[in-house]
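One structure is given here, and the rest of the page talks about it.
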Amino acid sequence: MIQRIQSLYLIIAIIASGIAPFFAKLYVLKTGDDVFFINNLAYIFLFVFSVVLSVISLYSYKKRKKQFILGRLNIILNFILLGLLIFKSQNLSGDAEVSEKGIGMILPLVSIVCISLANRAIKKDEDLVKSVDRLR
């Protein structure tokens, strides 16, 4: 399981969606208060659901089609999360409330890239298995 490259990509996606949001701030208010994803229930739900999908996909290594489909769902979920973060960022931008944006805004993008790379590797594995089955 862990020797496959897609497992490493999924582990990186789990770290980006499950651990990093606790330490990466979304933005800093002009008053100096840091805003993390925990301040919004929608962000919590989407990050947790992304981690759950990644973990299920990681342990579905024997079922490559299911793993591929879960990866696609996770990519869609992370695009929704990225869209919400960008929407919130655009609504709060300006000198009135937000002074700077944090690194937490790009965590869904990191997760999307890693899951896309994992899906590419899963597709290569599936193609390899199909080619070996043709030779029998």
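Quick notes on this one:
Conditions tested, residue by residue: (1) assigned to a helix (DSSP H, G or I); (2) open to solvent by less than 70 Å² (accessible area, probe 1.4 Å).
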| residue | (1), (2) |
| --- | --- |
| Thr31 | no, no |
| Phe45 | yes, no |
| Phe49 | yes, no |
| Leu58 | yes, yes |
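- Residue that is farthest from the chain's Cα centre (by Cα), among those in the range 9-28 that are open to solvent by 70 Å² or more (accessible area, probe 1.4 Å), more than 14 Å from Gly71 (Cβ to Cβ) and among the aliphatic types (A, V, I, L, M): Ile19
- Ile38 farther than 27 Å from Lys124 by Cβ and of a type in the set (Val, Ile, Thr): yes
- Close pairs (8 angstrom Cβ cut-off, 6 or more residues apart or separate chains): over 15 Å from Ile14 (Cα atoms) and of a type in the set (A, V, I, L, M) in the range 32-58, open to solvent by 20 Å² or more (accessible area, probe 1.4 Å) and in a helix (DSSP H, G or I) anywhere: Ile38/Phe22; Ile38/Ile44; Ala42/Leu84
- Considering residues of the range 60-74 that are surrounded by fewer than 21 Cβ atoms within 10 Å (Cβ to Cβ) and of a type in the set (A, V, I, L, M) only, the residue farthest from the chain's Cα centre (by Cα): Ile69
- Matching residues in the range 26-36 - criterion: being within 16 Å of Gln90 (Cα to Cα) and at pLDDT 75 or above: Leu26, Tyr27, Val28, Val35
The values are calculated or read from the model by the stated rules, or taken from the named source; none is laboratory data. For clarity, every value in this text was computed on a predicted model and none was experimentally measured. Cβ: placed from backbone, ideal geometry, glycine included. Neighbour counts: every protein chain shown. In case anyone asks, the SASA skips ligands and DNA or RNA and just uses the protein heavy atoms, side chains included. Shrake-Rupley method; radii C 1.70, N 1.55, O 1.52, S 1.80 Å.
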